[in-house]
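Q: Shown below is the structure under consideration.
The values are calculated or read from the model by the stated rules, or taken from the named source; none is laboratory data. In this text, all values refer to a predicted model and were calculated from it rather than measured experimentally. Don't worry about glycine lacking a Cβ; one is built from the backbone with ideal geometry, like all the others, and counts go over all protein chains shown. Each accessible area value is taken on the protein alone, full model and side chains, heavy atoms only, with ligands, DNA and RNA left out. Shrake-Rupley method; radii C 1.70, N 1.55, O 1.52, S 1.80 Å.
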Amino acid sequence: MLTVLLLLWPVTAALLLHFFKGKAARVAALGAALLEFALALYAAGFSGANLARGGDISPKFEFNFSWIASAGINFHVGMDGLSLLLVLLTTLLVPIILLAAFRRNFANESVFYALVLFMQTGLIGVFTAQDAFLFYFMWEVALIPIYFLAGVWGGAERARITFKFFLYTIIGSLFMLAGFVYLYFQTGPTVDGLSAHNASLSAFYNLNLPAETQLWVFWLIFAAFAVKMPIFPFHTWQPDTYTDAPAPATMLLAGIMLKMGIYGCMRWLLPVVPLGVDYWQNLVLILAIIGILYGAIIAIRQPDMKRLIAYSSLSHVGLMIAGVFSLTQLGMQGASIQMLAHGINVVGLFFIADAIERRTGTRNIADLGGLTRQAPVLTVCFLVLLLGTVALPLTNGFVGEFLLLAGVYQYNAWLGAVAGLTIILSSVYLLRMFQRVMLGPDSTHSATFTDLTGAELAVLVPLILLVFLLGLFPNMFLHLSEGSVLGILGEVAKR
């Protein structure tokens, strides 16, 4: 029942939020999100040790209710170690993102914060669903709030950009639905007018589809994940959406939502169509590495801070995809912990870009400079998050990137060597941005620039502590996902 409570509490709080106005809505939303995080911590503390053992991917805190009995579709949720890791990430970042939103005044605040909580339900539903159609339903539930967050509270180009984002994601989702429907009809016959088909994750794992079928089913399912992550060349919606959306929506997209695609590949793609994965593995790895280089090279040329961070995210996600499709334990484990590290770092960087824009009215790197003289605390916070992103040893980014590169290298040394360029290139564009914005010649804004407030430190300090926590004590998170990774690889190896 704990998983059900994690699902129902945010949507219940979102509905109740309509009885609050103004600042009261902010406080109520933050309180609801903190309670959700406490529930996730309880789940981790109660079952973390058991989830880490062996290669068992059977869910804990399981709830299975017959949803559409005649069709064999169940409201079936539960968490293994990988699910719990992403539930922890979601419930950790949502209150931080809500607190970050306090710095902006939004029209209809109760609706804005209710949409964030409603989206949290969709995200947790994706990470805990054990039924294919429930997974698809939650996938769409997570899409609806971000569409309105970006479309209503976004920038001047929000109508065009949000429509493009919606079009990409909905087309990808329909391909996934078609793939799930096909797999569903392969699970069993109809007897005496009653369906014996089963949409459960375990039923899909037990399918033994011919190799030629898996080749095209792979693309039906992968399409939705490729768009959501995104992977090159399905990425063109991402930079515009990240740049134009309000900062909290961008943090939700980059910090949590893109992990839906990586998680989907690990949970629903690799074990269900392993022969298709084996056939298309090289192509996906090449596309991922192209994305690494493309995102990094474009980021070097970006004049806008927010857009630069968006392309940086595209580059780093490419490495996570490559790690997953290396089909090695190192690569999969690296992707698991890097999802945490990337979420923490990218939320912090987008928050800092927004803080600078609020004070100066611009995100243009060329118009900024000399800010560190007036803002030493901001400089330290910015530098710590930046060094975590470039994978400095003892920071959160180092552990994940090291494992990811080791996994890709284990699969193919040449691909691993090219993927390793991400560390060099990310250092170039991120340190260059930091030097020009914080340490460059004084700009017209440097004299009047103010340092971080207490409320802003309340957002950044937890993120900075997590940069070092993951960097110094990675085993507590790696052990949590280890059993799931071994279980998934075991399912792949069976066929």
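Q: Given the protein chains as shown and a 1.4 Å probe, how many square angstrom of Tyr182 are accessible, to the nearest 10?
A: 70 Å²
Q: Enter the accessible area per residue of the chain (Å², integer; probe 1.4 Å; all protein chains in place). Mind dumping the intermediate values first?
A: Details: 17490 Å² over 495 residues.
So the chain comes to 35 Å² accessible per residue, rounded to a whole number.
Q: Compute the acute angle (0 to 90°) between the alpha-carbon long axis of helix 2-16 and the principal axis of greatest extent of the alpha-carbon atoms of the chain; round to the nearest 10°.
A: It works out to around 50 degrees.
Q: Hey, another quick one. Give me the angle, in degrees from 0 to 90, between the Cα long axis of helix 396-411 and the longest principal axis of the Cα atoms of the chain, rounded to the nearest 10.
A: The helix 396-411 is inclined about 50 degrees to the chain.
Q: Report the full-extension gain for the segment Gln435 to Ile297: residue separation times 0.36 nm, less the Cα-Cα distance, to one decimal in nm.
A: Residue separation times 0.36 nm, minus the Cα-Cα distance, leaves 47.9 nm.
Q: So what's the angle, to the nearest 10 degrees on a 0 to 90 scale, between helix 109-128 and the longest Cα principal axis of the chain?
A: Approximately 40 degrees, to the nearest 10.
Q: May I pose another question? Starting from the Cα gyration tensor of the chain, take the square roots of the eigenvalues, sort them a ≥ b ≥ c, and report rounded, prolate or oblate (rounded when a/c is under 1.5, otherwise prolate if a/b is larger than b/c, else oblate).
A: The shape class here is prolate.
Q: Under a plain spin-label model, where a point goes 7 Å from the Cα along Cα-to-Cβ, how far apart in nm are Asp442 and Arg373?
A: 0.4 nm
Q: Return the calculated 222 nm mean residue ellipticity for the chain, to the nearest 500 deg cm²/dmol, obtained by summing -39500 (n - 2.57) across DSSP H runs with n ≥ 4 and dividing by the residue count.
A: -23500 deg cm²/dmol
Q: First measure r as the distance between the Cβ atoms of Arg160 and Ala196, then evaluate 1/(1 + (r/R0)^6) with R0 = 60 Å and state the FRET efficiency to the nearest 0.05.
A: 0.80
Q: Between Leu457 and Asn105, what is the FRET efficiency for a Förster distance of 22 Å, r being their Cβ-Cβ separation, to the nearest 0.05?
A: Details: r = 20 Å, r/R0 = 0.92.
After rounding, the FRET efficiency stands at 0.60.
Q: Can you list the lysines whose alpha carbon is less than 23 Å from that of Lys306, not counting same-chain residues fewer than 8 positions off?
A: Partners within reach: Lys164, Lys228, Lys259.
Q: Now for a different question. Set the Förster radius R0 to 56 Å, insert the Cβ-Cβ distance between Thr450 and Asn64 as r into 1/(1 + (r/R0)^6), and round the FRET efficiency to 0.05.
A: Between Thr450 and Asn64 the formula returns 0.55.
Q: Another question, then. Might you report the magnitude of the Cβ-based charge dipole of the chain about its Cα centre, with Lys and Arg at +1 and Asp and Glu at -1, to the nearest 20 debye?
A: 880 debye
Q: So, one more: For Thr12 and Val181 in the same chain, what is the full-extension length gain: residue separation times 0.36 nm, less their Cα-Cα distance, in nm?
A: 57.8 nm
Q: Using 18 Å as the cut-off for backbone N distance, which residues of the stretch 292-317 belong to the label zone defined by a point 7 Å from the Cα of Leu421 along Cα→Cβ?
A: 292-302, 311-317
Q: Also: Contour minus end-to-end for Ala211 and Phe19, with contour as 0.36 nm per residue of separation and end-to-end as the Cα-Cα distance?
A: Going from the current span to full extension adds 63.6 nm.
Q: Using the alpha-carbon centroid of each, what span in Å lies between the stretch 236-302 and the stretch 405-430?
A: 16 Å
Q: Additional query: With all protein chains present, how much of the accessible area of the stretch 279-495 (probe radius 1.4 Å) comes from carbon and sulfur, to the nearest whole percent?
A: With neighbouring chains kept in place, the figure for the stretch 279-495 is 68 percent.
Q: What whole number of Å gives the distance from the Cα centroid of the stretch 317-356 to the Cα centroid of the stretch 77-137?
A: Taking the Cα centre of the stretch 317-356 as reference, the centre of the stretch 77-137 is 18 Å away.
Q: I'd like to know how the stretch 359-495 sits against the 2.2 N^0.38 Å rule of thumb: what's its Cα Rg over that expected value? Spell out each step's value before the answer.
A: Details: Rg = 19.4 Å, N = 137, 2.2 N^0.38 = 14.3 Å.
Here the answer is 1.36, to two decimals.
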